[in-house]
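K.L.:
Structure below; questions to follow.
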Amino acid sequence: MCSAAVADRKGGGRMYELTEEQKMLQQTVRQLAKEKVEPRAAEIDASGEYPWDMFELLRDNDLLALCFPEELDGAGGDLLTICIAIEELARVCTNTSLILAVCKLGSQPIMLAANDEQLKKYIPPLARGEKQAAFGLTEPGAGSDAAAMSTRAVKKGDKYIINGQKCFITNGGIADTYSIFAKTDESAGVKGISAFIVEKDFPGFEVGKIEHKMGIRGSQTTELIFTDMEVPAENLLGKEGEGFKIAMMTLDRTRPSIGAQAVGIATGALDHAIAYAKERVQFGGPIARLQGIQFMIADMAMQVEAARQLVYYSAALVERAGREASAVSAMAKCFASDVAMKVTVDAVQVLGGYGYMIEYPLERMMRDAKITQIYEGTNQVQRVVIARHLLG
Ligand code: CAA
């Protein structure tokens with residue numbers, strides 16, 4: 001079924017429209033980002049250290065709370081609202097926007113599959129920003145092929161004993177609460193994968209290597225190592241065998257937020273390219289008067305706007321249409337991240353030699369843009385999701 005058909009059937013054909021509340025939040029986050037986040041962005045990248053002050057800023061301004069319902073101490077933001085906040089933060093600092101994105105990603109499996117006791121125990125501390133979450137799916141031998149995981153969970157009495165290793169975990173070692181996926185039945189393929197809520201203090205939980213990365217250098221990415229890790233049986237999410245579905249449903253709901261991050265990065269790069277083109281004088285006038293530059297700026301703006309519309313639309317659709325919106329969610333993440341890469345490269349070009357220097361933020365934005373084409377499923381995986389949806 002093509003995506004247009006999905007949209008029509010589920011009422012998604014009506015375009016999203018930002019509410020007054022969403023427009024106000026957009027302005028508030030834009031101002032916060034300009035005043036408090038942008039001045040820290042270069043430092044965070046240079047130090048490669050997790051920016052606890054930015055985490056506190058998001059917590060104190062109730063932005064983390066957006067990811068959770070009011071009855072669990074959250075602020076009840078829908079996905080579009082969260083995307084708007086992520087976009088505004090990413091416009092000045094990808095690392096800070098990722099704090100909000102991973103809050104959504106790490107907690108989404110719990111929001112989707114937890115029972116009442118699990119929700120009451122684990123969500124309010126995340127909503128209040130007392131604790132942080134992370135999502136543990138990827139393994140050294142199971143990246144794009146997530147179902148190939150080798151982490152094993154064996155039930156013994158009232159516990160599961162988990163052995164295995166995860167890698168490239170955003171927020172590893174920073175988070176307190178992890179949504180972890182492991183095989184409970186070797187012979188059942190994807191239906192043998194289960195999801196668990198794991199606390200960092202569980203015996204046998206260990207944070208492995210901290211990665212050094214090209215971009216998002218202020219976000220901590222680590223291995224997780226489980227050695228006879230003891231997880232109470234009541235921490236199983238949903239039923240045994242539902243883990244793969246929970247992981248895929250999570251990614252359907254979080255890929256638009258990576259699209260939003262990409263739109264934010266691209267918009268930030270475009271802001272700088274425009275400002276520079278108006279100031280930089282060559283050949284007797286500002287380079288903004290040159291048609292070669294004008295066409296580049298116009299092309300960048302067109303792509304950014306198209307990406308923004310697709311991201312907002314996918315965010316609005318996925319909460320209404322669920323699984324049937326998988327393809328649109330994948331399109332938004334894929335398209336917006338390809339745009340972020342192209343636009344940041346072109347913005348560096350507009351600044352010429354200055355774009356290449358670390359005194360200007362463009363090279364950082366270009367490095368940060370790259371990850372959006374890779375994490376939460378490579379853009380090749382997104383194309384697989386889209387093609388399967390269309391072709392069956
Ligand atoms: N919703 C619900 N169920 C789904 C689903 C969805 N979106 N997608 C698939 N399923 C179900 C299927 O229906 C099927 O079940 P049935 O047999 O009952 O129909 C089952 O799951 C298996 O589906 P597939 O046959 O499509 O599975 P596959 O093995 O071919 O894999 C894939 C599909 C799309 C390639 C998947 O493996 C994938 O998304 N890979 C990428 C993983 C990924 O995104 N990793 C990123 C990690 S997180 C990260 O990067 C975050 C970070 O650090 C910030």
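The values are calculated or read from the model by the stated rules, or taken from the named source; none is laboratory data. Just so you know, these numbers come straight off a predicted model, no measurement behind them. Cβ atoms come from the backbone with ideal geometry, glycine included; neighbour counts cover every protein chain shown. Ligands, DNA and RNA are stripped out before the accessible areas are found, and what is left, the full protein with its side chains, is counted by its heavy atoms. Shrake-Rupley method; radii C 1.70, N 1.55, O 1.52, S 1.80 Å.
K.L.:
Hey, can you tell me all the residues within region 191-215 that are out of contact with any strand residue (DSSP E or B) (no Cβ under 8 Å at 6 or more places or on another chain), part of a loop (DSSP other than H, G, I, E, B) and within 16 Å of the ligand (Cβ to nearest atom)? Step through it out loud before you land on a result.
P.N.:
Our first condition is that a residue be out of contact with any strand residue (DSSP E or B) (no Cβ under 8 Å at 6 or more places or on another chain); within region 191-215, this holds for 191, 201, 212, 214-215.
The next check asks that each one be part of a loop (DSSP other than H, G, I, E, B); those that pass are 201, 212, 214-215.
His212, Met214, Gly215 - these are the residues of region 191-215 that are out of contact with any strand residue (DSSP E or B) (no Cβ under 8 Å at 6 or more places or on another chain), part of a loop (DSSP other than H, G, I, E, B) and within 16 Å of the ligand (Cβ to nearest atom).
K.L.:
Follow-up question, since we're still on this one. Kindly provide the set of residues from region 166-209 that are surrounded by 19 or more Cβ atoms within 10 Å (Cβ to Cβ), touching a Leu at 6+ places or on another chain (Cβ under 9 Å) and farther than 17 Å from Leu237 by Cα, ordered by number.
P.N.:
Lys166, Cys167, Ile169, Thr170, Asn171, Gly172, Phe205
K.L.:
Here are Gly164, Gly129, Gly136: which of them is within 16 Å of the ligand (Cβ to nearest atom), over 25 Å from Lys333 (Cα atoms) and in contact (Cβ under 8 Å) with a residue 60 or more places away in the chain?
P.N.:
Details: Gly129 fails: within 16 Å of the ligand (Cβ to nearest atom); Gly136 fails: over 25 Å from Lys333 (Cα atoms).
Testing whether each residue is within 16 Å of the ligand (Cβ to nearest atom), over 25 Å from Lys333 (Cα atoms) and in contact (Cβ under 8 Å) with a residue 60 or more places away in the chain leaves just Gly164.
A quick yes/no check of all residues on (1) of a type in the set (A, V, I, L, M); (2) within 16 Å of the ligand (Cβ to nearest atom):
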position	(1), (2)
Ala247	yes, yes
Asp252	no, yes
Pro256	no, yes
Tyr276	no, no
Gly285	no, no
Ala288	yes, no
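K.L.:
Does Gly322 satisfy the criteria of being farther than 20 Å from Asp78 by Cβ and open to solvent by less than 30 Å² (accessible area, probe 1.4 Å)?
P.N.:
On the way: farther than 20 Å from Asp78 by Cβ: no; open to solvent by less than 30 Å² (accessible area, probe 1.4 Å): yes.
In short, no.
K.L.:
Against the condition farther than 21 Å from Thr81 by Cα and either modelled with pLDDT under 95 or open to solvent by 50 Å² or more (accessible area, probe 1.4 Å) (or both), how does Met302 come out, does it pass? Steps first, answer last, please.
P.N.:
On the way: farther than 21 Å from Thr81 by Cα: yes; either modelled with pLDDT under 95 or open to solvent by 50 Å² or more (accessible area, probe 1.4 Å) (or both): yes.
Spelling it out, Met302 is indeed farther than 21 Å from Thr81 by Cα and either modelled with pLDDT under 95 or open to solvent by 50 Å² or more (accessible area, probe 1.4 Å) (or both).
K.L.:
Could you check how many residues of region 34-52 are assigned to a loop (DSSP other than H, G, I, E, B) and among the hydroxyl-bearing types (Ser, Thr, Tyr)?
P.N.:
If we filter region 34-52 for residues that are assigned to a loop (DSSP other than H, G, I, E, B), which is where we start, we get 48-51.
With the extra rule that they be among the hydroxyl-bearing types (Ser, Thr, Tyr), the set shrinks to 50.
Total satisfying the criteria: 1.
K.L.:
From Tyr160, Tyr178, which residue is farther than 23 Å from Leu100 by Cβ and in a strand (DSSP E or B)? Break it down into steps so the answer makes sense when it comes.
P.N.:
Working: Tyr178 fails: farther than 23 Å from Leu100 by Cβ.
The unique qualifying residue is Tyr160.
K.L.:
Would you mind finding the one in Gln31, Gln27 that is without any contact (Cβ under 8 Å) to a residue 12 or more places away in the chain, closer than 18 Å to Ala269 by Cα and not in a loop (DSSP other than H, G, I, E, B)? If you could, list the steps in order and put the result at the bottom.
P.N.:
Numbers: Gln27 fails: closer than 18 Å to Ala269 by Cα.
Only one candidate passes the filter, namely Gln31.
K.L.:
Scan region 332-350 residue by residue and report those that are within 19 Å of Thr372 (Cβ to Cβ) and surrounded by 24 or more Cβ atoms within 10 Å (Cβ to Cβ). Working first, answer last.
P.N.:
To start, the set of residues in region 332-350 that are within 19 Å of Thr372 (Cβ to Cβ) comprises 332-348.
Matches in region 332-350: Ala332, Lys333, Cys334, Ala336, Ser337, Val339, Ala340, Val343, Thr344, Ala347.
K.L.:
Yes or no: region 248-260 includes at least one residue that is open to solvent by 20 Å² or more (accessible area, probe 1.4 Å) and among the acidic types (Asp, Glu). Talk me through it step by step, then tell me what you get.
P.N.:
So the first thing to find is which residues in region 248-260 are open to solvent by 20 Å² or more (accessible area, probe 1.4 Å), and the list is 248-249, 253.
Narrowing the set further to residues that are among the acidic types (Asp, Glu) leaves none.
Looking through region 248-260, none of the residues is open to solvent by 20 Å² or more (accessible area, probe 1.4 Å) and among the acidic types (Asp, Glu).
K.L.:
Then there is this: Does any residue of region 119-141 turn out to be within 17 Å of the chain's Cα centre (by Cα), more than 22 Å from Lys239 (Cβ to Cβ) and of a type in the set (Ser, Thr, Tyr)?
P.N.:
Yes: region 119-141 contains one or more residues that are within 17 Å of the chain's Cα centre (by Cα), more than 22 Å from Lys239 (Cβ to Cβ) and of a type in the set (Ser, Thr, Tyr).
K.L.:
Counting residues that are aliphatic (A, V, I, L, M) and within 14 Å of the ligand (Cβ to nearest atom), which helices (runs of 4 or more DSSP H) fully inside region 312-392 reach at least 1?
P.N.:
Because the criterion is at least 1 residues that are aliphatic (A, V, I, L, M) and within 14 Å of the ligand (Cβ to nearest atom), the helices (runs of 4 or more DSSP H) in region 312-392 that meet it are 326-351, 362-372, 379-391.
K.L.:
Being open to solvent by less than 30 Å² (accessible area, probe 1.4 Å) and either of a type in the set (D, E, K, R) or assigned to a loop (DSSP other than H, G, I, E, B) (or both) is the filter here; which residues of region 216-229 pass it? Working first, answer last.
P.N.:
So the first thing to find is which residues in region 216-229 are open to solvent by less than 30 Å² (accessible area, probe 1.4 Å), and the list is 216, 218-219, 221-222, 224, 226, 229.
Listed by number, the residues that qualify are Ile216, Gly218, Ser219.
Here is a yes/no grid of residues against (1) closer than 18 Å to Ser150 by Cα; (2) aliphatic (A, V, I, L, M):
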residue	(1), (2)
Glu211	no, no
Ile216	no, yes
Ile225	yes, yes
Glu230	yes, no
Phe244	yes, no
Met248	yes, yes
Ile258	no, yes
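K.L.:
Only one residue in Lys155, Lys121, Lys159 is without any contact (Cβ under 8 Å) to a residue 60 or more places away in the chain and surrounded by fewer than 24 Cβ atoms within 10 Å (Cβ to Cβ), so which one is that?
P.N.:
Lys121
K.L.:
Also, I was wondering about something else. When you check Ala90 against the structure, is it within 12 Å of the ligand (Cβ to nearest atom), of a type outside the set (Lys, Arg), closer than 21 Å to Val37 by Cα and crowded, with 21+ Cβ neighbours inside 10 Å, yes or no? Please lay out each step first, then the result.
P.N.:
Numbers: within 12 Å of the ligand (Cβ to nearest atom): no; of a type outside the set (Lys, Arg): yes; closer than 21 Å to Val37 by Cα: yes; crowded, with 21+ Cβ neighbours inside 10 Å: yes.
When the stated conditions are applied, Ala90 does not pass them.
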